Amino acid sequence: MEDKIPDFSVVIPIYNEEENIPELYSRLTSVMEKLGSYEIIMVDDGSKDRSWELIRELHTKDPRVKGISFSRNFGHHIAITAGLDQARGNAIILMDGDLQDPPEEIPKLYEKFRDGYDIVYGIRKERHDPLLKKMTSYLFWLILRRFSGVDIPAGQTMLRILSKRVLEVLKGMREYSRFIHGMMAWTGFNMITVEVQHDPRRKGKSKYNIPRLFKLAFHAVTSFSTVPLRIATYVGLISSLISLIAGVYFIYKKIFYNIPILGYASIIVSIFFVGGIQLLMLGIFGEYLGRTYQEVQRRPLYIIKEFI
Ligand code: UDP
Ligand code: MG
């Protein structure tokens, strides 16, 4: 049993999901049993609750459940990476551990997968989340699709099926700051989207608050595009053009009409304006520089504490 390659590997990141794990396991196994042989890889991303204990219990009852436990919280996308690194199945299923992506939708995705697609994305028909979350998420995808330079289908859930080919490419991408959605789209393999049900989170709390979502958006954009770096060039060009025109205009007024130039407020405002833009641009540069530094350090992506 151990050595046989399963038809499916289901990879699930888990961070403080003790309330969801039992239901997740029972619903998922009843779906998977009908599809073929499978392994379930649960990656405990440094949970502070009983999640890891529950995963261990599941493993002793059912050896198809495998577990990876991180030494601390490394983040959602890194947890997925660790799961992918261990996945051996012929098709890889990804899903979140909070049951917002119902496991019952997997057969629908698999039907498309059998038609020969390498990536089958679950797209949410209707999102069941608090209004603020919906709005920030909308903004997130808007910015991302506009600036990332890769075709990332909007409204994706984490529920998806990947082929072995995609898996191999992803395993070779070892960048430190990872945005899984973008990395998959970047591979360019043929993909298709399937509408799936999206449920509200019934138990436990969402781990993405607004600052975290912003961080992710910034991460996502900067890891797929260098457009923000070019903003400085454009803003610089435009503002020097404006100041040139303004300069000519004021000199003209002074020479031909002898109108004194009123100045204090406008000077203060423009100093702050230009100063602000400069600091903003420095910040963007700094962000890329910091990112480069992080990549150059080549630290391991995650640290495994325990493996079952
Ligand atoms: N998650 C994780 N590490 C983290 C944050 C989240 O492994 O640092 C897991 C979490 O347990 C869940 C999935 O990632 O299975 C998605 O998280 P969440 O439901 O909080 O995100 P949302 O659906 O609110 O965007
Ligand atoms: Mg969720």
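No value in this document is a laboratory result; all are computed from the given coordinates. Every value quoted in this text rests on a predicted model; they were computed, and no experiment measured them. Note that each Cβ is placed from the backbone with ideal geometry, even for glycine, and that neighbours are counted across all protein chains shown.
In table form, for the structure just shown:
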{"quantity": "Of Glu195, Glu17, Glu53, the one that fluctuates the most in a GNM where the chain has Cα springs shorter than 10 Å", "calculated": "Glu53"}
{"quantity": "Two-decimal Rg to Rh for the chain - Kirkwood Rh, Cα set", "calculated": "1.13"}
{"quantity": "Total charge dipole magnitude, the range 127-215, about the Cα centre, Cβ charges on Lys, Arg, Asp, Glu only, Debye to nearest 20", "calculated": "440"}
{"quantity": "Using alpha-carbon coordinates, inclination of helix 76-86 to the longest axis of the chain, degrees", "calculated": "40"}
{"quantity": "Residues with amide H under 5 Å from that of Arg50, placed H, sequence gap 5 or more", "calculated": "Glu18"}
{"quantity": "Gaussian network model of the chain, springs between alpha carbon atoms under 10 Å - residue of Asn73, Asn258, Asn16 with greatest fluctuation", "calculated": "Asn258"}
{"quantity": "Fluctuation leader among Val65, Val274, Val248 - the chain, Gaussian network, Cα springs under 10 angstrom", "calculated": "Val248"}
{"quantity": "The chain: calculated mean residue ellipticity at 222 nm from DSSP helix runs of at least 4, using -39500 (n - 2.57)", "calculated": "-17000 deg cm²/dmol"}
{"quantity": "Distant alpha-carbon pairs in the range 214-308 (separation over 18 angstrom), percent", "calculated": "66"}
{"quantity": "Restricting the range 160-204 to trypsin sites (Lys or Arg not before Pro) in coil, as DSSP defines it, with at most 15 other Cβ within 10 Å", "calculated": "Arg174, Arg202, Lys203"}
{"quantity": "Three-way shape call for the range 60-216 based on the alpha-carbon gyration tensor, with the a/c threshold at 1.5", "calculated": "rounded"}
{"quantity": "By average C-beta atoms within 10 angstrom, highest first, the peptides 283-289, 144-150, 249-255", "calculated": "144-150, 283-289, 249-255"}
{"quantity": "Helix 227-257 axis, angle to the chain major axis (alpha carbon atoms, nearest 10°)", "calculated": "20"}
{"quantity": "Cα lying deepest toward the dipole's positive end in the chain, options Ser30, Pro228, Asn16, charges on Cβ", "calculated": "Pro228"}
{"quantity": "Reach of Lys66 by Cα under 26 Å, taken over lysines that are not fewer than 8 positions away in the same chain", "calculated": "Lys4, Lys34, Lys48, Lys108, Lys164, Lys171, Lys203, Lys205, Lys207, Lys305"}
{"quantity": "Trypsin sites (Lys or Arg not before Pro) within the range 22-71: DSSP coil, no more than 15 neighbouring Cβ in 10 Å", "calculated": "Lys48, Arg50"}
{"quantity": "Protection proxy ranking, peptides 290-298, 87-95, average beta carbon neighbours within 10 Å, highest first", "calculated": "87-95, 290-298"}
{"quantity": "The chain - charge dipole about Cα centre, Lys and Arg +1 at Cβ, Asp and Glu -1, debye rounded to 20", "calculated": "1120"}
{"quantity": "C-alpha center-to-center spacing [the range 61-79, the range 224-267] in angstrom", "calculated": "56"}
{"quantity": "Folded to 0 to 90 degrees: helix 264-297 orientation relative to the chain principal axis, Cα", "calculated": "30"}
{"quantity": "The range 187-222-the range 150-169 distance, computed between alpha-carbon centres (Å)", "calculated": "12"}
